[in-house]
Each structure stands twice: as C-alpha cells, then as structure tokens.
Amino acid sequence: MKLSVKAWTITLALLSGIYLFLAALLASLNINLMIFNAKSFKIYALFFPGITPTFIGAIVSLFYGLVFGAFFGLIFTLLHNWVLNISCKFCKK
C-alpha cells in the first residue's frame, strides 16, 4: 500500500514543529519532563542555530521543526513508495 506523500509530509512537519516548540518553551520556563528538559534542548541548539530558551527561540524552533519534519517526511514517503514499487515488480508473475 502506497503512502500519501502530502499527508506524511504535513504530519511529520507538524509533529516535529510542535515538539521543538514545546521543548524550547518548557526549557525557557525551567520545566523538566522526561523528553523536554534543558539538557536535551542544549543538544537541539547544537544542530539548529538560533534556537534559544525564550519565546522567540520557540518560534524559531517551530520553523526549524516544520522545515526539517517536512523534508524527512517527504524523503521517508518517497523511499517507502519506491521500495514498494521495486518489491511489487518481483512479486507479480
């Protein structure tokens, strides 16, 4: 079954954008949860320049999350559909 490129791209963009936004927002409020803590936020800041534990940094991280989530959602879906097409060619008699 082929995956919808548009649906996966939008879904992963929103999920990663919201995740990074919440991570920045909770780091600015010094709230430590299992996956949202200051240590993990410092690691995100290494990979995404401009992310800071402030509200503006949360907006910037939302943008980064949307862009990278859409990119990886697109790549994942295209690879999945490509592998599916190759494997289905060998299954048909």
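The values are calculated or read from the model by the stated rules, or taken from the named source; none is laboratory data. Not measured: the values here are computed from a predicted model. All Cβ positions, even for glycine, are placed from backbone atoms using ideal geometry, and neighbour counts span all protein chains on display.
Below are the figures for this structure:
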quantity: First in the range 39-55 and among the small types (Gly, Ala, Ser), second anywhere and in a helix (DSSP H, G or I), Cβ under 7 Å, 6 or more apart; calculated: SER40/ALA23; GLY50/VAL60
quantity: Some residue of the range 26-34 being closer than 18 Å to ALA70 by Cβ, buried (at least 17 other Cβ atoms within 10 Å of the Cβ) and not basic (Lys, Arg); calculated: no
quantity: Condition broken by GLY50, with the remaining ones in (1) at pLDDT 90 or above; (2) at positive phi satisfied; calculated: (1)
quantity: Of all residues in the range 37-93 being closer than 21 Å to GLY17 by Cα and among the hydroxyl-bearing types (Ser, Thr, Tyr), the one that is surrounded by the fewest Cβ atoms within 10 Å (Cβ to Cβ); calculated: THR54
quantity: Cross-chain or 6+ apart pairs with Cβ under 8 Å, the range 1-29 first and basic (Lys, Arg), then loosely packed, with under 14 Cβ neighbours inside 10 Å; calculated: LYS2/LEU84
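Condition check ((1) within 30 Å of CYS91 (Cα to Cα); (2) modelled with pLDDT of 85 or more; (3) out of contact with any Gly (no Cβ under 8 Å at 6 or more places or on another chain)) across all residues:
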site: LEU3; (1), (2), (3): yes, yes, yes
site: ILE10; (1), (2), (3): no, yes, no
site: LEU14; (1), (2), (3): no, yes, no
site: TYR19; (1), (2), (3): no, yes, no
site: ALA23; (1), (2), (3): no, yes, yes
site: PHE41; (1), (2), (3): no, no, yes
site: ILE75; (1), (2), (3): yes, yes, yes
